[in-house]
Amino acid sequence: ADGSGTDEPVLTRSVNLLSLRATGWSADGTRLLFTEVEADARSAIGQVAIDRPSEVQVLLENAFLNDSGVVSPNGQWMAYQSTLSGPQSEIYIARYPELGDRRTISTDGGTRPFWSRDGTELYFGSLDNRQMLAVTITVKDQRMIVDFAGTAPQIRGFKNSSIANSTSAVFMSLAPFF
């Protein structure tokens, strides 16, 4: 691509929205996940089929803030953040796309979840945006097992701790210190 083309709208939603943003892809790459924030500050998670942009499906819409939907590499689970359990965002995992078997993952709030490439760990940010946390995810016989070892509450330790303590990857983050 040489940059000489034009932008092509993929999704247009209600004019009452404050924000519409992409958050991830389905595991097979055919659907784009998005978050839409309404004027009353509620937000919903949906998906659109890329080859059929008129085929929009809202996955999660309720009276809470729902954001940052990301599908696991195996395509069976979606992680997201929501205020479902109270005023602060927590991280949840639910079976995708029907969103059954919901599990709370974070223990003291969380934002912007993302999966490891192999789907064995789920990473997310702390509420103050100063820490990245991780939990180990194992799926056996269609059941999800979340390893919270050393995670009560979210404190330093091998899991659910700063990414620097995790052996699965190296990440760099730039943030102002003032």
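The values are calculated or read from the model by the stated rules, or taken from the named source; none is laboratory data. Quantities reported herein were computed from a predicted structural model and do not represent experimental measurements. Cβ sites come from the backbone with ideal geometry, for glycine too, and all protein chains shown count toward neighbours. Side chains included, ligands, DNA and RNA excluded: accessible areas come from the protein's heavy atoms. Shrake-Rupley method; radii C 1.70, N 1.55, O 1.52, S 1.80 Å.
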Take the Cα atoms of segment 1-160, find their three principal axes, and give me the spread along each one in whole Å, biggest first.
50, 34, 34
At a 1.4 Å probe radius, which order do THR83, THR6, THR104 fall into by accessible area, largest first?
THR6, THR104, THR83
So how strong a dipole does segment 16-99 carry about its Cα centre when Lys and Arg Cβ are +1 and Asp and Glu Cβ are -1, to the nearest 20 debye?
120
Apply the Karplus curve 6.51 cos²θ - 1.76 cosθ + 1.60, θ = phi - 60°, to the phi angles in segment 37-50 and return the couplings in whole Hz, x for Gly and Pro.
9, 8, 4, 8, 6, 6, 9, 10, 10, x, 8, 10, 6, 5
At 1.4 Å probe size, put VAL10, VAL48, VAL37 in order of accessible surface, largest to smallest.
VAL10, VAL37, VAL48
Hey, quick one: spin label on THR12, modelled 7 Å out along Cα-Cβ, who in segment 41-66 has an amide N within reach, i.e. under 19 Å?
47-57
Between segment 65-105 and segment 1-45, what is the separation of their alpha carbon centroids in Å?
18
Relative contact order (percent, whole number), segment 1-151, Cα cutoff 8 Å, 6+ residue spacing
12
Please work out the FRET efficiency for the pair ARG130 and ARG102, using the Cβ-Cβ distance as r and a Förster radius of 35 Å; give the result to the nearest 0.05.
0.80
Would segment 72-125 count as rounded, prolate or oblate if I go by the C-alpha gyration tensor, calling it rounded below 1.5 in a/c and otherwise prolate when a/b exceeds b/c, oblate otherwise?
oblate
